[in-house]
Every structure is written in C-alpha cells, then in structure tokens.
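Structure first, commentary second.
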Amino acid sequence: MKPIEQVEEKAGTIPSVTVKLEDIPCSEMEKRALEVALAGGHPLAILYNEGAMAPQLIRAGVRLAQEIAVPFHGIAYPWCPCGNYGSPKFECRCSPKIIGAHLSKLGKRIGDFTIWIGASFPLARYMDIKGEPEAVILKRIQAARAASEPSDILDSSSRDLIDCYLKQVSGSLDILRVKSIAKTIARLDGRNRIEVNHLAEAIQYQPQVLHGFIEWVKPRAVEVKSV
C-alpha cells in the first residue's frame with residue numbers, strides 16, 4: 001500500500017511549486033485558514049484525504065511567507081496512510097488500529113499547531129472557479145500584521161458562545177489560543193476588538209472540531225503515557 005504524501009514546511013525552505021493561491025482548487029475556508037495563519041504567525045495543520053489540495057496550500061504558504069517576510073509553519077497530514085479515511089469519494093483500506101497509530105503520531109504534536117482544519121477531495125464546483133486573487137490576500141495579511149492589537153474583552157454574546165462550546169467539548173477548549181486567533185481575524189477584518197463572528201471562526205480552527213480526531217488520539221495518548 002503506497003502511503004499518501006505528508007508535507008511539513010517552514011518559512012526559509014524553498015517551495016517545490018509556485019502555483020498561485022487562486023489557482024488551487026479547494027474551499028475558501030481552507031484558503032482562509034492559511035490567510036489567518038500567515039497574518040498571525042499561527043502554525044497550521046491540515047488533515048486531508050487523497051486528492052485534496054492540502055500539500056499545495058502548505059507549499060503556497062511557504063512561498064507567500066517568504067514574499068512578505070513573515071514566519072510560517074505548516075503541515076499537511078493525511079487522515080490515514082492510504083489517505084481515504086473519511087473520504088467522500090474513495091474507500092479507506094486501513095484498519096482502525098493502523099489509523100489510530102497513524103493519527104497518534106500527529107496527536108503527540110497537538111500543541112505544535114494553533115490552527116487545525118480538514119480538507120477533502122475538491123468538489124466539482126471548485127475545479128474551474130478562480131479564487132480571490134493572491135495579491136489581494138497578501139495586502140490584507142500585511143495590513144493585519146501592521147494593525148494595532150485588538151481588545152480581547154469579550155461582550156456577552158461572545159461569552160455565551162464560549163460557554164456553549166465549552167459544554168460541548170467538556171471544558172477542553174484552549175481559551176487563550178482561541179482568543180489569539182480571534183484577535184488575528186479581527187485585525188484581518190479591520191476591527192479594533194474581538195466580535196462574536198471572529199470568535200466563532202477561531203473556534204472552527206480547533207482540533208476538537210475535526211470530526212473524530214480527538215476521539216482517535218486521546219485514548220491512545222493516554223495509553224502511551226501509561227507504559
């Protein structure tokens with residue numbers, strides 16, 4: 001069984017491809033996560049299926065970081081060795097034991113990455129649609145990095161959102177990490193304070209939101225520590 005490609009890059013390495021961001025067929029959420037990562041210096045982890053554009057996004061992130069002289073660290077990590085676990089298009093050939101061992105390797109590094117997203121095989125509607133021009137995204141990133149630090153005092157709606165989500169994840173949400181990402185999003189939006197929509201987007205980038213990831217990783221991490 002040939003393993004799917006795993007890519008980990010940091011700014012300073014030489015990207016092997018130079019595809020512009022608007023020419024990479026993937027969802028706008030995946031590109032937005034890269035934008036937030038570059039704007040705030042947040043390490044980015046993308047769990048992906050065979051056929052998804054995660055490796056291309058990570059390599060584009062390295063190139064863009066070098067163009068505007070900002071730090072970047074990103075990894076494109078397949079959901080399983082064959083790359084098809086959870087795929088809407090292909091059948092996974094990996095056993096639960098193999099998937100668990102594979103994801104646990106990344107789970108041990110859960111503190112190394114601030115933004116987590118999943119990427120699937122691109123839908124047909126993404127294949128021929130040009131995305132937002134790369135130059136526009138770069139200008140927004142540079143403006144956000146130059147902006148003053150937004151206030152992180154949360155209003156009642158934001159506090160209610162945090163409380164609601166904490167109940168869903170049994171209190172395991174890293175609030176400081178969420179607020180750090182939310183402040184970056186606020187700067188990208190030209191705001192001087194965190195608003196509830198910034199917080200909601202930041203929560204979407206937490207590993208607890210990735211379907212099944214924490215469930216695969218947590219019990220095995222405990223098992224490893226008990227040996």
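The values are calculated or read from the model by the stated rules, or taken from the named source; none is laboratory data. The model shown is predicted, which means the values in this text are computed figures rather than measured ones. Ideal geometry is used to build each Cβ from the backbone, glycine not excepted, and the neighbour counts take in all protein chains shown.
Cβ-Cβ contacts under 6 Å between residues 6 or more apart (or on different chains), taken from a first residue in the stretch 151-168 that is without any contact (Cβ under 8 Å) to a residue 40 or more places away in the chain to a second residue that is part of a helix (DSSP H, G or I), are listed as S157/V196; Y165/I203. For the stretch 123-131, state whether one or more residues are modelled with pLDDT of 90 or more and β-branched (V, I, T). Within the stretch 123-131, none of the residues are modelled with pLDDT of 90 or more and β-branched (V, I, T). Taking residues in the stretch 169-182 that are within 15 Å of P43 (Cα to Cα) and in a helix (DSSP H, G or I), and partners anywhere that are modelled with pLDDT of 70 or more and of a type in the set (S, T, N, Q), the pairs with Cβ atoms closer than 8 Å and at least 6 places apart or on different chains are R177/T114; R177/Q206; V178/Q206; S180/T114; I181/T114. Among the criteria (1) surrounded by 17 or more Cβ atoms within 10 Å (Cβ to Cβ); (2) modelled with pLDDT under 90; (3) under 14 Å from the mean Cα position of the chain (by Cα), the one I214 does not fulfil is (3).
Can you spot a residue in the stretch 81-98 that is among the β-branched types (V, I, T), under 18 Å from G212 (Cβ atoms) and surrounded by fewer than 18 Cβ atoms within 10 Å (Cβ to Cβ)? Taking every residue of the stretch 81-98 in turn, at least one turns out to be among the β-branched types (V, I, T), under 18 Å from G212 (Cβ atoms) and surrounded by fewer than 18 Cβ atoms within 10 Å (Cβ to Cβ).
Taking the criterion of being of a type in the set (G, A, S) and surrounded by 11 or more Cβ atoms within 10 Å (Cβ to Cβ), the residues of the stretch 139-189 that qualify are A143, A144, A147, S151, S157, S158, S172, S180, A182, A186.
Annotation: of all residues in the stretch 52-72 being surrounded by fewer than 16 Cβ atoms within 10 Å (Cβ to Cβ) and of a type outside the set (D, E, K, R), the one that is nearest to V217 (Cα to Cα) is P71. Consider the stretch 192-211 and keep the residues that are outside any helix (DSSP H, G or I) and within 15 Å of the chain's Cα centre (by Cα). The one that is modelled with the lowest pLDDT is H211. Within the stretch 132-146, residues that are polar (S, T, N, Q) have Cβ atoms under 7 Å from residues that are in a helix (DSSP H, G or I) in these pairs: Q142/I68, counting only partners at least 6 apart in sequence or on another chain.
Residues that are part of a loop (DSSP other than H, G, I, E, B) and touching an Asp or Glu at 6+ places or on another chain (Cβ under 8 Å) do occur in the stretch 41-51. Within the set of pairs 6+ apart or on separate chains, which have a first residue in the stretch 67-89 that is on the phi > 0 side of the Ramachandran plot and in contact (Cβ under 8 Å) with a residue 60 or more places away in the chain, a second that is crowded, with 24+ Cβ neighbours inside 10 Å and outside any loop (DSSP other than H, G, I, E, B), and C-beta atoms under 9 Å apart? Correct list of pairs: G83/Y48; G86/L47. Considering (1) modelled with pLDDT of 90 or more; (2) touching a Ser or Thr at 6+ places or on another chain (Cβ under 9 Å); (3) buried (at least 21 other Cβ atoms within 10 Å of the Cβ), the lone condition that I75 does not fulfil carries the number (2).
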